[in-house]
Structure formats: C-alpha cells, structure tokens
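The values are calculated or read from the model by the stated rules, or taken from the named source; none is laboratory data. Small disclaimer: the values here were computed from a predicted structure and weren't measured. All Cβ positions, even for glycine, are placed from backbone atoms using ideal geometry, and neighbour counts span all protein chains on display. Protein only, heavy atoms only, side chains kept; ligands, DNA and RNA dropped before computing areas. Shrake-Rupley method; radii C 1.70, N 1.55, O 1.52, S 1.80 Å.
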Amino acid sequence: MEKKKKFYVVGTPIKHSKSPIIHQQFAAQFGLTIDYRILEVGRGNLAHFLATARDEDVKGINVTVPLKEEAWRLADESSPRVRSAKAANTLWFEGSKLLADNTDGIGIIKDLETNIGFSLRSTKVLIIGAGGAARGILGPLSQKRPSLIMLTNRTIEKSELLAEQYGRDKITI
C-alpha cells in the first residue's frame with residue numbers, strides 16, 4: 001500500500017481552517033489519497049516546524065496568518081510573486097531546498113475573472129488588512145487596472161508601507 005503524502009496548513013489561529021476538507025476533496029477528484037493536517041504554529045516557530053517537516057517527508061505546507069512574511073524569509077528559493085509580495089503562502093521541499101510561492105494573487109484573480117466572470121478593469125476594490133494576503137494580491141490586482149484600490153488596516157503604518165511598495169498613485173489608504 002502506498003504511503004499517504006503528508007501536507008499541513010500552519011498558522012495562528014488555525015483550528016477554524018477548512019483547508020483539510022477542501023484539499024481532501026480536491027485530491028479525491030484526482031484519485032489521490034493525502035494526509036492533510038492542521039497545526040498551530042506561532043510567530044517565530046516556523047523554522048523549527050520546517051526542520052521537523054523536512055525530517056517527516058512532508059510534501060507541502062500552506063502558510064497563513066501570521067506566518068506569510070516569515071515564510072518568505074526562510075525559503076532558499078522564491079518565485080517572483082513571493083519576492084514582489086515579500087510573503088509566501090505555499091512551501092515545499094525539493095532535495096535540500098525549501099521553495100516558496102504565493103498563490104493569493106493569482107487565486108483571487110482567477111476566482112473573480114474566470115470563475116464568476118467579473119472584470120476588475122475600471123472597478124473599485126477595497127482590501128481590508130495589510131498583512132501577507134494583501135501583499136500577495138496587490139501586485140496581480142493592480143495589473144488588472146481597477147479605477148481605485150482602497151486599503152484599510154488597523155494600523156495606518158502597515159497600509160502606508162504597502163502603498164509605498166506598490167505605488168502611491170495606485171492605492172488609497
């Protein structure tokens with residue numbers, strides 16, 4: 001019998017995550033059997049978890065709050081999307097290297113434009129939050145040329161940093 005491939009979603013808080021259900025159903029559609037787990041990992045503990053995950057032959061890790069920005073710093077190699085966003089939501093091992101990607105932006109664009117047929121061109125967009133997910137969607141979103149991207153967050157400083165990174169002319173705080 002083939003050993004199930006092991007995957008995780010990590011972050012804090014994480015118990016509410018529907019990722020295991022979603023990924024198990026997705027795998028079943030393709031005739032795959034996976035072991036997808038939730039694990040609470042706090043800020044500053046991701047490196048320790050990754051060392052354990054490598055030893056356990058974990059195939060992939062989804063990263064959420066508050067670890068996306070920490071994840072990109074720990075990766076040996078990152079996609080252009082990660083380097084632009086300075087945040088990663090997907091990690092995996094290839095040999096001795098930890099690789100990172102950010103699928104937040106391409107995911108939301110595909111959902112909006114392809115899955116529901118909504119054009120972002122010349123529309124107004126509100127983003128609530130200025131963390132790793134916002135970092136991941138701002139680049140791909142701004143390429144779709146909405147008429148306005150408004151960003152709101154608990155702390156104005158984080159919003160201002162993102163606006164500077166992606167262009168003050170494109171983002172209203």
Practice item. Say whether the condition of being among the charged types (D, E, K, R), farther than 28 Å from Ala47 by Cβ, in contact with a strand residue (DSSP E or B) (Cβ under 8 Å, 6 or more places away or on another chain) and not in a helix (DSSP H, G or I) is met by at least one residue in segment 115-129. Key: yes
Check your understanding: For segment 75-99, which residues satisfy the criterion of being surrounded by 13 or more Cβ atoms within 10 Å (Cβ to Cβ) and under 24 Å from Glu164 (Cα atoms)?
Key -> Ser78, Ser79, Arg81, Val82, Arg83, Ser84, Ala85, Lys86, Ala87, Ala88, Asn89
Exercise for review: State whether the residues of segment 50-65 include one that is open to solvent by less than 70 Å² (accessible area, probe 1.4 Å), within 19 Å of Ala133 (Cα to Cα), at pLDDT 95 or above and not β-branched (Val, Ile, Thr).
Suggested key: yes
Practice item. Report yes if some residue within segment 143-155 is touching a helix residue (DSSP H, G or I) at 6+ places or on another chain (Cβ under 9 Å) and assigned to a loop (DSSP other than H, G, I, E, B); otherwise report no. Key: yes
